[in-house]
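Contents: one structure, followed by commentary.
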Amino acid sequence: MQKSTNRLDDIPEAWQFGNDLGDLPDGGGHFGEFGGSYVSETLMASLDELRQGYLHWRRDPVFVRRFAQDLKDYVGRPSPLYEAKRLSAQVGGGRIILKREDLNHTGAHKINNTVGQALLAEFMGKKRVIAETGAGQHGVATATIAARLGLECVVYMGAVDIQRQAINVFRMRLLGAEVRAVDSGSQTLKDAMNEALRDWVTNVDDTFYVIGTVAGPHPYPMLVRDFNSVIGREAREQMQLQYQTLPDALVACVGGGSNAMGLFYPFLNDKEISIYGVEAGGEGVDGDQHAASLGAGRPGVLHGSRTYLLDDDAGQIRETHSVSAGLDYPGVGPEHSWLKDTGRAEYVSVTDQEALQAFHQLTRLEGILPALESAHAIAYATKLAAQMSPQQIVLVNLSGRGDKDVHTVASIEGIEL
Amino acid sequence: MSRIAECFNKCSSIGRTALIPYITAGDGGAEATLTVMQTLVESGADIIELGMPFSDPMADGPVIQKACERALASGMTLTGVLGLVRRFRMDDQITPIVLMGYMNPIERYGLKLFSQDAASAGVDGVLLVDCPPEEAATVHAHLSECSIDQIFLVAPTSTEQRRQQICAISSGFVYYVSLKGVTGAACLQQASLAEPIAEIKQHTKLPIAVGFGIKSPSDAVAVAEHADAVVIGSALVENLAQADDVAQLARDFLQPIRQALDNSKKRIS
């Protein structure tokens, strides 16, 4: 048993968390008209238990210390800032600086959140965790921390995704998780999320649902943001320390939006900094083969919250497309919807083609293989940097590494491995 | 008086447990749905619960998910659902119809327009599974304006305070979910019904319907001991999906349940 003290002095401020930068969401989980808890009555008590548990433990020094320790020793934080000088030079214009979340344990920012939520599960006395996953990154991150904490772990994954991501499926099984195939609907991420919600509704007493992004019912958008806000807090401190300035612009990719929210949140009050979220433009946002919920969607209700989403005229959720499985989602976190409508952040998109090009560009110029998700952010950052002056800085969240995507890239380019 | 209130008044005056079958609109096509609705009424249904198909029915089990997929594949839309109700009303002005579904299609249709069109089509109640009282203010105002009852779920996990809150905002009837889970899940635990239903009755004079997991005449009889109405969905939907003659199936499925309910009431009295 660790000794409880009220001192947090020895923990870097970046590794503490909590909703002290703004007053949103409100008590009901609303960001303006977005967010809320649109779930069946059976889940309401559990969501309330989770909210109260989170609000309690995030102020508890023992919990905060455990979280900070895990971020340091297990995840490998802080992740460095890296100036991509050759990329910047080729683009011409501003300086492109990368926040290297790809260097985290398991290879992406996802682990920040799963470490936080699994710890919360442990502190709340839950023995079983469940998760949904699309590309498998969040599933792996959940299975990883479940293995470490000795929690039973079930991961729901669309049958189509299971075929596309065989290696991640095997990784999860190696870690002791049970991967359950979901064969309803489009058999992808949104259906996996439906199925995880069904599991939770059935096993609410002993189960903790580890949602992988800033979507879902209250309090998930808040707590996933808070656990990931370590990204932005660190980056802010590192910028001041290493560059004696703050960036002029932030860029991050947005599927559900957790890496973006994690980077953006601690900078929201820095009004002079422009914020860009980059959605998956797929084959172009004019058609229907994309996943740009904010750019081409409209407000509606999906997976427990009111948010921008992609649906047809009858209100049925549309199937989406992106070369990147992690961005292939018809909804988006409600706080992003709010940031869009208030104008604090701008949401743009890049196509599959542009993302693939950025994937190669970063790999060849910097020796960094980005995840296809993150390649979307890189692609937009190069466009932005091209229009900047040499003193200006664009900070990009390199949210994950691209090892998982080499098969996808090879098969698109007709190369058999 | 609303059709729902009238229906429960009548049932209560003759000591009858209301029977509420659920089907997904458009499952098997619009014509089949209309035929089944009419046959269910002939076979002893007191209220029809009509599912508005949704692409992501997260509170439903596999049976109703598949029914939604079939219905959407057949081209069913919310406009189509209201069209079905309008046609049903041409021959039946008595049997209440409750629409059950999810928020997004209604939002897209427009809450105000939906309420108006539903009322003029002859809809009596609306149950939105993913709309707890916390998020219901706007839709509730529009439905009330058009004299449509909004029905809410009470779950085994609902706290005392929530039960009170839900009863306060409910009209028509209160729908008690008999188990922790999705529609069509597991088995009914009859023993766990007495206490929560007695508790709900302290908060409201509205009738109490019980659903989720009721599959057979004996399940229905067990529930009827405590509840004013019994809802049967997944078991019926599953059988309908396999039937060649849906009218015959609807009759064969519902009549034994009706008889079992009526016989048990007679034995008690």
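The values are calculated or read from the model by the stated rules, or taken from the named source; none is laboratory data. What you see is a predicted model; the values in this text were computed from it and never measured. We place every Cβ from the backbone using ideal geometry, glycine too, and count neighbours over all the protein chains shown. For the accessible areas, the whole protein counts, side chains as well, though only heavy atoms, and no ligand, DNA or RNA atoms are used. Shrake-Rupley method; radii C 1.70, N 1.55, O 1.52, S 1.80 Å.
Mind checking the full-extension length gain between A:D60 and A:E272? Use 0.36 nm per residue of separation minus the Cα-Cα distance, one decimal, nm. Intermediate values should be presented prior to the final figure.
On the way: separation 212, 0.36 × 212 = 76.32 nm, distance 3.39 nm.
Stretched fully, the A:D60-A:E272 segment lengthens by 72.9 nm.
How large is the charge dipole for chain A, taken about the Cα centre, if only the Cβ atoms of Lys, Arg (+1) and Asp, Glu (-1) carry charge, to the nearest 20 debye?
1260 debye
Using Cα pairs under 8 angstrom and six or more residues apart, how large is the relative contact order of region B:1-55, in percent? Could the numbers behind the result be given before it?
Details: 49 pairs, mean separation 22.6, N = 55.
Value for region B:1-55: 41 percent.
Test of understanding: in a Gaussian network model of chain A with alpha carbons linked when under 10 Å, which of A:N203, A:N104, A:N113 would top the mean-square fluctuation ranking?
A:N203
Enter the Cα centre distance for the pair region A:344-417 and region A:49-64, rounded to the nearest angstrom.
Measuring centre to centre over Cα atoms gives 36 Å.
Would you compute, for the Cα atoms of region B:124-246, the largest minus smallest coordinate along each principal axis and list the three values in descending order, in whole Å?
Extents along the principal axes: 42, 33, 22 Å.
Could you provide, to the nearest whole Å², the per residue accessible area of the protein assembly as shown with probe 1.4 Å?
Here the per-residue accessible area is 36 Å².
Amide H to amide H, which residues 5 or more places from A:R95 or on other chains are under 5 Å from it, using H placed in the peptide plane?
A:Q392, A:I393, A:V394
So what is the relative contact order for chain A, in percent, with contacts set as C-alpha pairs under 8 Å and at least six apart? Working shown, then result.
On the way: 915 pairs, mean separation 82.1, N = 417.
Relative contact order, chain A: 20 percent.
Running a GNM on chain A with Cα contacts under 10 Å, which residue among A:M172, A:M124, A:M157 ends up with the highest mean-square fluctuation?
Comparing A:M172, A:M124, A:M157 in a Gaussian network model of chain A, the most mobile one is A:M124.
In whole percent, how big is the carbon plus sulfur part of the accessible area of the protein assembly as shown, probe 1.4 Å, protein atoms only?
C and S atoms contribute 49 percent here.
Bin all alpha-carbon pair distances of region B:4-48 at 5 Å intervals from 0 and give each bin's fraction as a whole percent.
In order of increasing distance, the bins hold 5, 22, 25, 20, 13, 8, 5, 1 percent.
May I ask you to list the lysines whose Cα is less than 29 Å away from that of B:K201, ignoring any residue fewer than eight positions away on the same chain?
Within reach: B:K10, B:K180, B:K215, B:K265, B:K266.
Estimate for me the total accessible surface buried between chains B and A (protein heavy atoms, probe 1.4 Å, no ligands or nucleic acids), in Å² to the nearest 100.
2900 Å²
Only protein chains counted, 1.4 angstrom probe. Which residues of region B:166-186 are at least 50 Å² less accessible in the assembly than when their chain is isolated?
Going by heavy-atom accessible area, the residues of region B:166-186 that drop by at least 50 Å² are B:K180.
What FRET efficiency would be calculated for the residue pair B:A119, B:T35, taking the C-beta separation as r and a Förster radius of 35 Å, to the nearest 0.05?
0.90
Take the alpha carbon atoms of region A:287-314, find their center, do the same for region A:325-342, and report the distance between the two centers in whole angstrom.
Rounded to whole Å, the Cα centres lie 9 Å apart.
If each residue of separation counts as 0.36 nm, what is the full-extension length gain between B:S13 and B:I94 once their alpha-carbon separation is subtracted?
Taking B:S13 through B:I94 to full extension adds about 27.5 nm, to one decimal.
With r as the distance between the Cβ atoms of B:A137 and B:S216 and R0 = 41 Å, compute the FRET efficiency 1/(1 + (r/R0)^6) and round to 0.05.
0.60
Give me, ordered by chain and number, the residues 5 or more places off A:L302 or on other chains with an amide H under 5 Å from its own placed amide H.
A:T307
If you take every DSSP beta bridge fully contained in region A:182-323, what fraction is antiparallel? Give it as a percent rounded to 5.
In region A:182-323, DSSP labels about 55 percent of beta bridges as antiparallel.
Short version: which residues of region A:32-57 lose at least 40 Å² of accessible area, all chains versus chain alone, 1.4 Å probe?
Listed in order, they are A:Y38, A:S40, A:E41, A:T42, A:M44, A:A45.
With a 1.4 Å probe on protein heavy atoms only, tell me which residues of region B:100-117 lose at least 10 Å² of accessible surface in the complex relative to the chain by itself.
B:M103, B:N104, B:P105, B:E107, B:R108
Antiparallel versus total DSSP beta bridges in chain A: what percent is that, nearest 5?
If I count the DSSP bridges inside chain A, around 30 percent turn out antiparallel.
What FRET efficiency would be calculated for the residue pair A:Q353, A:R180, taking the C-beta separation as r and a Förster radius of 51 Å, to the nearest 0.05?
E between A:Q353 and A:R180, to the nearest 0.05, is 0.90.
Over chain B, what is the mean sequence separation of C-alpha contacts under 8 Å (at least six apart), divided by residue count, expressed as relative contact order in percent?
Relative contact order of chain B: 22 percent.
Report, in whole Å, the centroid distance computed from the Cα atoms of region B:199-268 and region B:97-162.
Here the two parts' Cα centres lie 23 Å apart.
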